[in-house]
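In what follows, a structure is listed as structure tokens, so that the remarks can point back to it.
Read-outs throughout are calculated quantities, based only on the coordinates presented, and are distinct from any laboratory measurement. Treat the numbers as computed from the prediction; the structure is a model and nothing was measured. Quick reminder, even Gly has a Cβ in these numbers, built from the backbone with ideal geometry, and neighbours come from all protein chains shown.
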Amino acid sequence: MDNEYIISVGEPWDFKTSDGQNIIKGAILKILSKACLVFKSNSIINIHGLKGDILILTSRSVVSNFYDLKNTIDLVTINGGLLLNEYNENTSEQILKENSKFIIIGTILPRLE
């Protein structure tokens with residue numbers, strides 16, 4: 001499936017999920033803008049007393065573009081926030097960002113397996 005991706009987590013360095021050490025597997029649900037997308041993890045993320053499977057990813061670089069991730073580039077460095085409420089595909093990018101808690105720094109890349 002072409003929307004399956006892996007997030008390689010750099011910070012926190014000891015991050016673990018059922019997918020493994022410093023790995024989150026899942027799918028892109030929606031690209032909201034060139035610098036923000038919604039990602040659904042294959043498993044529940046449990047960190048700092050928070051649980052969920054929806055991440056709001058923002059680009060760490062002004063030159064990176066999430067639209068290009070699906071077309072021409074191999075990876076994008078990201079900040080990841082765990083969505084604190086239910087995901088609704090009609091919710092604006094700003095509201096999703098406001099309702100997420102920053103938890104990771106990493107890189108998103110296509111899942112090759």
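If you keep only loop residues by DSSP, which GluC sites (Glu not before Pro) in the stretch 1-98 have at most 11 other Cβ atoms within 10 Å of their Cβ? Walk me through the numbers before you get to the answer.
Values: sites: E4, E86, E89, E93, E98; in loops: E86, E89.
Here the GluC sites (Glu not before Pro) that fit, given the DSSP loop and packing criteria, are E86, E89.
Order 29-36, 54-61 from most to least packed using the mean count of other Cβ atoms within 10 Å. Display every interim value, and only then the final one.
Numbers: 29-36: 16.4, 54-61: 19.9.
Sorting 29-36, 54-61 by mean packing, highest first, produces 54-61, 29-36.
Quick check for me: using +1 on Lys/Arg Cβ and -1 on Asp/Glu Cβ, what's the dipole size of the chain about its Cα centre, in debye to the nearest 20?
It comes to approximately 140 debye.
What nm value, rounded to one decimal, do you get for the distance between D19 and I95 when each label is placed 7 Å out toward the C-beta?
Calculated label separation equals 2.7 nm.
Using only alpha carbon pairs under 8 Å that are at least six residues apart, calculate the relative contact order of the chain and give it in whole percent. Provide the component values of the computation, followed by the final result.
On the way: 249 pairs, mean separation 32.0, N = 113.
Reported as a whole number, the value is 28 percent.
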